[in-house]
Amino acid sequence: MVNTEGTAARVFTALANAKVNVRMIDQGSSEINIIVAVEEKDYRKTIEAIYNEFVK
């Protein structure tokens, strides 16, 4: 992520710890967002893992 080291690592570590399988990763050329695709059954766990990592 632009100008901030370790953001992607934090996202993927949080998802790995939540046992969420990432099916696809996408990042725009501006590097201000990252998109991950997960199975529908993992949707809630994904949101909670990312929220807990960055907000709580």
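The residues of the chain expose, per residue, 78 Å² of accessible area to a 1.4 Å probe. How far, in degrees from 0 to 90, does helix 7-17 lean away from the longest principal axis of the Cα atoms of the chain, to the nearest 10? Approximately 10 degrees, to the nearest 10. Accessible area of the chain with a 1.4 Å probe: how many percent of it is carbon plus sulfur? About 50 percent, which is the carbon plus sulfur part of the accessible surface. Would you mind counting up the charge near Ile47? Only other residues with Cβ under 14 Å from its Cβ, with Lys and Arg at +1 and Asp and Glu at -1. Around Ile47, the charge tally is -1. The candidate values were (1) 5.7; (2) 3.8; (3) 4.5; the one computed from these coordinates for mean projected area of the Cα convex hull in nm² carries the label (2).
Here's the picture: a label point sits 7 Å out from the Cα of Thr13 along the beta-carbon direction, and within region 26-56 the residues with their amide nitrogen under 16 Å of it are 49-56. Using only helices, what value at 222 nm comes out for the chain when you add -39,500 (n - 2.57) per DSSP H run of length 4 or more and divide by the total residues, to the nearest 500 deg cm²/dmol? Mean residue ellipticity, 222 nm, calculated: -12500 deg cm²/dmol.
The values are calculated or read from the model by the stated rules, or taken from the named source; none is laboratory data. The structure displayed is predicted, hence computed values, not measured ones. So basically every Cβ, Gly included, is an ideal-geometry build from the backbone, and we count neighbours across all protein chains shown. For accessibility, only protein heavy atoms count, side chains too; no ligands or nucleic acids. Shrake-Rupley method; radii C 1.70, N 1.55, O 1.52, S 1.80 Å.
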